[in-house]
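Shown next, in structure tokens, is the structure this report addresses.
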Amino acid sequence: MTPLPLSIAFAHLFARKRQSLVSIVGVTLGVAIFIAIGGLMNGFHGHFRSQLVETNPHVVISDEVRTAAPQPLTLLNPDGAVEVRRVVPRDPVRGIAGASAMVDALNAEQGVAAAPSLIGQVIVRRAGRDFAVTGIGVDPQREMRVTDLVNNMVAGGFDALASDPNGLILGRELADKMAVGLGDTVLVATTASQARLKIVGLFHTGIDAEDQTWGILSLSRQQALQERPRVVNQIHIRLADLSRSIPLAETIERRWGFKSAPWEETYARVLDMFALQDKIMFFTTAAILVVAGFGIFNVISTIVMEKARDIAIMRSIGMPSGAVVAIFLIEGLAVGVVGVLLGCLAGWGLGALIHMAPAPTGNPHDTLPMSLSADLFGAAGLIGMAASLAAAWLPARRAAAADPLSIIRGAA
Amino acid sequence: MSGDLKARALRRVLPGPAPAILVDSASAQFQSGSLTAITGPSGSGKSSLLYMLGLLDAPTSGDVLLDGQSTAALDNDDRARIRLERFGFVFQFHFLLPELNVAENVMLPMRQLGNLGPASIRRRADDLLGSLGMSDLREKLPGQLSGGQRQRVSIARALANDPQFVLGDEPTGALDSKNGAAVFAILRALAGDGRTIVVVTHDHDLAQIADRAIHIIDGRITSGQPS
């Protein structure tokens, strides 16, 4: 036989089919929207992160130090109050000293690929117009192991740089602005030197800052243009396991002293923005569930008011207050469970529909990103159930606290 | 258990700026196998006395003794448990749960008590309804019954856990004279079974057929008190 509170709770809900249905629909919509919008945000973040992180190195070693080297006088008196003023620093040649040994050592590690590069501004001149471009000189064979740019080539090939030391790879947007295409030559200049380079490849990452300002050329050509022979100012590292980036960066800094930035640091502002977006999404969609909770509160409060006499008689025949609370909590729970289950189904369907919609990327095959994870369904279910139970709790407590005698007297 | 119910110097005061004395110094004894009517004008404290006797309300002072045992120190849960196990209530209004059918309403106290299995609960509900001539109405909802039928269902529900004490608060108040007489006859028969029946009523004719009538005015028992 069904437990008494359960059968009374279901009798209440079935007697008010329409109101119960409206409450269920409220929870269903809240959960579905939470899942669909959450999936869209997760999909967007995942897509953006993969574009950003996968396209670029996971750790970048640069010819900088985070803290200035201590003065010898300070080292000599580690416990003393030493203040050194008017220090005239040496002006060494900038670059990563011993880069070749570093690259070899890093490449020897399991799951680590490292490639040297020289970054420096260049001017690309075409038809009398100058374009400021971030010139990235790379060792093509090694760079192909550390960047995903090779997968973002829309014309030509990354490996063409290896066979043509006078080759240049540009972002498609930049090339369009310059009105150049594959096989065209452009003049690339710095304050120190210039050379005519041939366009051997075009890439498109979807990130404007890269597509409109990057120019990839061979390391030796960039060193010649910058007049910095055998100098590199960055080492790019790619990891098989992304989660190793922070400990590896710390190890490199300790060992070689150069600033070593994991991708989490490089894109910290973007990741912070994602976290903020997640919070906004969470509160916005959770608010929908809270509103749905008010629907449940309304229905159960109405039942409690309408059922005051029933509650009184159940209390008078000896039903404990806990059982009365259980009746109304079961009602909230039932609405919550059905609403959450239907909401999960609807959220999945809504997510699938959104995923079919075209993305405004210019590529007709691109659709809106969607990532429906189990965590998302779990969070939606938990919030939906919490809202349902919280909405039922107050009227349930009120019902249990009602004085049956005053209701019986009032009815007489 | 002998089924003796005793009120000892019961006093019930409604607190407030001007406290209202509902019952004052009420002492009475109710023996098993007897039907006692409590009579008096409206607002005299009849129902208040009944509710204290049935452990639905706690006296401001005084005590209710069940088989000689004090109930003064019991908490709400204990009182609820005793009500469930030993008392049956019949009110002026039937207070049947409208979503449950007749049989389910009768089974309600048995399911709450949990002493019987499902089959025994169904069988006892059928027996009770049969004894009150309601067998063919067991699947009906309360809304489909007449006033007299509903009150008989509420009597069946009151008897569900085979209580020693059956308390009625104007159980015939909402019924016509024919149905009222029928309900009183049932209560009379229950007393014959050895139960302790206490009924609040305005109806002097019905009070006449009780074994004893206690009259109460302004919260004080004026006649029918034990010597």
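Test A:L271 against the stated conditions and say whether it is surrounded by fewer than 22 Cβ atoms within 10 Å (Cβ to Cβ), in contact with a strand residue (DSSP E or B) (Cβ under 8 Å, 6 or more places away or on another chain), not small (G, A, S) and not in a strand (DSSP E or B).
Criteria not met by A:L271.
So, in region A:1-15, of the ones that are farther than 16 Å from A:V338 by Cα, at pLDDT 85 or above and out of contact with any Asp or Glu (no Cβ under 9 Å at 6 or more places or on another chain), which residue ends up nearest to the other protein chains (Cβ to nearest Cβ)?
Looking at the filtered set, the residue picked out is A:L4.
Where in region B:187-227 are there strands (runs of 3 or more DSSP E), lying wholly inside it, with at least 3 residues that are without any contact (Cβ under 8 Å) to a residue 24 or more places away in the chain?
none
Restricting to region B:48-82, name every residue that is part of a loop (DSSP other than H, G, I, E, B), among the hydrophobic types (A, V, I, L, M, F, W, C) and within 13 Å of chain A (Cβ to nearest Cβ).
Selection gives B:L55, B:L56, B:A58, B:L74.
Might you let me know whether region A:378-397 holds any residue that is within 30 Å of B:D169 (Cα to Cα), surrounded by fewer than 20 Cβ atoms within 10 Å (Cβ to Cβ) and out of contact with any Pro (no Cβ under 6 Å at 6 or more places or on another chain)?
Yes, region A:378-397 contains at least one residue that is within 30 Å of B:D169 (Cα to Cα), surrounded by fewer than 20 Cβ atoms within 10 Å (Cβ to Cβ) and out of contact with any Pro (no Cβ under 6 Å at 6 or more places or on another chain).
Could you tell me which of the residues A:A334, A:A323 is within 14 Å of another protein chain (Cβ to nearest Cβ), hydrophobic (A, V, I, L, M, F, W, C) and surrounded by fewer than 23 Cβ atoms within 10 Å (Cβ to Cβ)?
None of the others qualify; the one that does is A:A323.
Here's a check for you: in region A:15-53, which residue that is over 16 Å from the mean Cα position of the chain (by Cα) and small (G, A, S) is surrounded by the fewest Cβ atoms within 10 Å (Cβ to Cβ)?
Out of the qualifying residues, it is A:A15.
Can you work out which of the residues in region B:161-181 that are part of a helix (DSSP H, G or I) and out of contact with any Leu (no Cβ under 8 Å at 6 or more places or on another chain) is farthest from the other protein chains (Cβ to nearest Cβ)?
Looking at residues that are part of a helix (DSSP H, G or I) and out of contact with any Leu (no Cβ under 8 Å at 6 or more places or on another chain), I get B:K178.
Out of all the residues in region A:93-109, is one or more within 30 Å of A:A326 (Cα to Cα), surrounded by 10 or more Cβ atoms within 10 Å (Cβ to Cβ) and not charged (D, E, K, R)?
No, region A:93-109 contains no residue that is within 30 Å of A:A326 (Cα to Cα), surrounded by 10 or more Cβ atoms within 10 Å (Cβ to Cβ) and not charged (D, E, K, R).
Look through region A:53-64, keep the residues that are at pLDDT 75 or above and of a type in the set (V, I, T), and return whichever of them is nearest to A:K259 (Cα to Cα).
In this case the residue turns out to be A:I61.
Here is a yes/no grid of residues against (1) over 23 Å from A:N56 (Cα atoms); (2) in a helix (DSSP H, G or I); (3) touching a Pro at 6+ places or on another chain (Cβ under 6 Å):
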site: A:E143; (1), (2), (3): no, yes, no
site: A:A155; (1), (2), (3): no, no, no
site: A:A175; (1), (2), (3): no, yes, no
site: A:V186; (1), (2), (3): yes, no, no
site: A:A209; (1), (2), (3): no, yes, no
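The values are calculated or read from the model by the stated rules, or taken from the named source; none is laboratory data. Fair warning: this is a prediction, and the values are worked out from it, not measured in the lab. Heads up, the Cβs are rebuilt from the backbone with ideal geometry, glycines too, and the neighbour counts pull from every protein chain shown.
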